[in-house]
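What follows is a single structure, written as structure tokens, with notes after it.
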Amino acid sequence: MKTFLFFLGVVTLGVFVSGQAATAPGIRGTADSIQKVGDRTYQFRGHVQLEAGSLILSADEADVTTGANGSSEVDLRGNVHVTVPPGLSK
């Protein structure tokens with residue numbers, strides 16, 4: 001049992017350390033890989049999770065482009081899920 005818990009802890013730590021995080025105006029995100037492309041676009045690849053206010057967006061890939069006025073445009077691809085909190089959908 002101790003060996004299993006140790007193994008689980010090592011695997012969990014490895015997954016946590018390997019992820020990357022980034023912040024765009026109004027959006028926080030994590031993914032396996034994040035690259036900045038140009039001045040205003042970020043590419044998120046692998047296990048993407050974005051938080052935009054109280055919305056949670058998850059996908060295999062995402063491109064986030066920030067506008068000059070502080071807005072952000074998000075393109076999601078592959079296994080896309082949107083979590084809408086209670087009250088927001090009313």
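Observations, loosely collected:
- Output for the stretch 42-67, where each listed residue is of a type in the set (Ser, Thr, Tyr) and either modelled with pLDDT under 95 or within 14 Å of Pro85 (Cα to Cα) (or both): Tyr42, Ser54, Thr65, Thr66
- Of residues in the stretch 67-90 being assigned to a strand (DSSP E or B) and of a type in the set (A, V, I, L, M), the one nearest to Gly26 (Cα to Cα): Val74
- Of the residues making up the stretch 37-66, those that are part of a loop (DSSP other than H, G, I, E, B) and either surrounded by 15 or more Cβ atoms within 10 Å (Cβ to Cβ) or in contact (Cβ under 8 Å) with a residue 24 or more places away in the chain (or both) number 3.
- Residue selection: Ala21 satisfies the criterion of being surrounded by fewer than 12 Cβ atoms within 10 Å (Cβ to Cβ), of a type in the set (A, V, I, L, M) and either at pLDDT 90 or above or in a strand (DSSP E or B) (or both).
- Just one residue in the set Val64, Val74, Val48 is hydrophobic (A, V, I, L, M, F, W, C) and closer than 14 Å to Gly19 by Cα; that residue is Val48.
- Selection status of Ile34, in contact with a His (Cβ under 9 Å, 6 or more places away or on another chain), surrounded by 14 or more Cβ atoms within 10 Å (Cβ to Cβ) and either of a type in the set (D, E, K, R) or modelled with pLDDT of 90 or more (or both): no
The values are calculated or read from the model by the stated rules, or taken from the named source; none is laboratory data. Just so you know, these numbers come straight off a predicted model, no measurement behind them. Note: ideal-geometry Cβ built from the backbone for every residue, glycine included; neighbour counts use all protein chains shown.
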